[in-house]
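One structure is given here, and the rest of the page talks about it.
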Amino acid sequence: MPMIRLYIDSDSLPVRHRTIVLRRLIASGMEAWFAADRALPDVLKAIEEDKRVRRAAVRETMTREEARRIGSNIHMEVVPTGDGSADDRLVELAEAPGLAITHDIPLASRLLGKGLIVIDDRGNEYTADRIRERLSEREANARFREMGLFSEGRQQRFDERTVRAFAAAFDKALSRLS
C-alpha cells in the first residue's frame, strides 16, 4: 500500500491547526509538505523533532553516523513571494493517495483533480460540486462588489468548535486513506 502524503497550504493555516497536523505527522511517520512564502518556525521545530523520533527508533540497530543520515518526513517548501507560487508547488508535488489542506478554492480544485482528498481549515471536505458552488459564489460576490452592492463580509472566527471540526475532518480523511 502506498504511503499517505499530506500537502498543506500552510501560510494561511492557523498555528493551532498546524499543531494538530504536526503532532499527528510526528506520531505516525507520514510524509508531508508544507508550502509557504516564508519558513514557519513551528514547522521547522517539528522537522527537528521528527528527525529525533525517527533516529531514536533505530538507535539500537544502526551506528551513530547511519542514524544521523535519517531525515524527516516533514518538508518545508519555501517558495518565492507571489501569486500562486505556493499553490503551484503543492500541485507539482501532489500525488495520490493523499490529503491536502487549504481554503483556497482554485487550489482545492487543482488538487482534487489530482485525486487527493481536500479539506479546509474549518473541517469541510471539498467535492467537485462544492468547488463549483464556491467558485460561482465568488464570481457573483465579485460582481456585486464591483457594482457597489455588496461588501466583503467577515469570516467567522476560529473558536474551539471550529478547531474540533477541523481535527475531526482531518482524522476522518486520514482514516479513509488508510
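Beta carbons closer than 6 Å, at least 6 apart along the sequence or on distinct chains, pair a first residue in segment 167-178 that is of a type outside the set (Ser, Thr, Tyr) with a second that is surrounded by fewer than 16 Cβ atoms within 10 Å (Cβ to Cβ) and not in a helix (DSSP H, G or I) for Leu177/Pro97. Among the residues of segment 1-53, those that are hydroxyl-bearing (Ser, Thr, Tyr) and within 20 Å of Arg157 (Cα to Cα) comprise Ser10, Ser12, Thr19. Within segment 115-123, the presence of a residue that is part of a helix (DSSP H, G or I), of a type in the set (A, V, I, L, M), touching a residue at least 40 places away in the same chain (Cβ under 8 Å) and closer than 27 Å to Thr19 by Cβ is excluded.
Among the residues examined, Leu107 does not qualify as touching a Gly at 6+ places or on another chain (Cβ under 6 Å), under 25 Å from Arg164 (Cα atoms) and of a type in the set (A, V, I, L, M, F, W, C). Only one entry of Arg59, Arg89, Arg18, Arg5 meets the criterion of being of a type in the set (Lys, Arg) and surrounded by fewer than 18 Cβ atoms within 10 Å (Cβ to Cβ), and that entry is Arg59.
One residue stands out in segment 101-119 among those that are surrounded by fewer than 22 Cβ atoms within 10 Å (Cβ to Cβ) and not aliphatic (A, V, I, L, M): the one that is nearest to Arg89 (Cα to Cα), namely Arg110. One residue stands out in segment 19-44 among those that are out of contact with any Phe, Trp or Tyr (no Cβ under 8 Å at 6 or more places or on another chain) and among the aliphatic types (A, V, I, L, M): the one that is farthest from Glu92 (Cα to Cα), namely Ala27.
Determine whether segment 28-48 contains at least one residue that is touching a residue at least 24 places away in the same chain (Cβ under 8 Å), over 16 Å from the mean Cα position of the chain (by Cα) and closer than 18 Å to Glu77 by Cα. There is at least one residue in segment 28-48 that is touching a residue at least 24 places away in the same chain (Cβ under 8 Å), over 16 Å from the mean Cα position of the chain (by Cα) and closer than 18 Å to Glu77 by Cα. For segment 54-76, the tally of residues that are of a type outside the set (S, T, N, Q), out of contact with any Ser or Thr (no Cβ under 9 Å at 6 or more places or on another chain) and within 20 Å of Arg5 (Cα to Cα) stands at 4.
Every number here is computed from the coordinates shown, using simple stated rules; none is lab data. These numbers come from a predicted model, not from an experiment. Cβ sites come from the backbone with ideal geometry, for glycine too, and all protein chains shown count toward neighbours.
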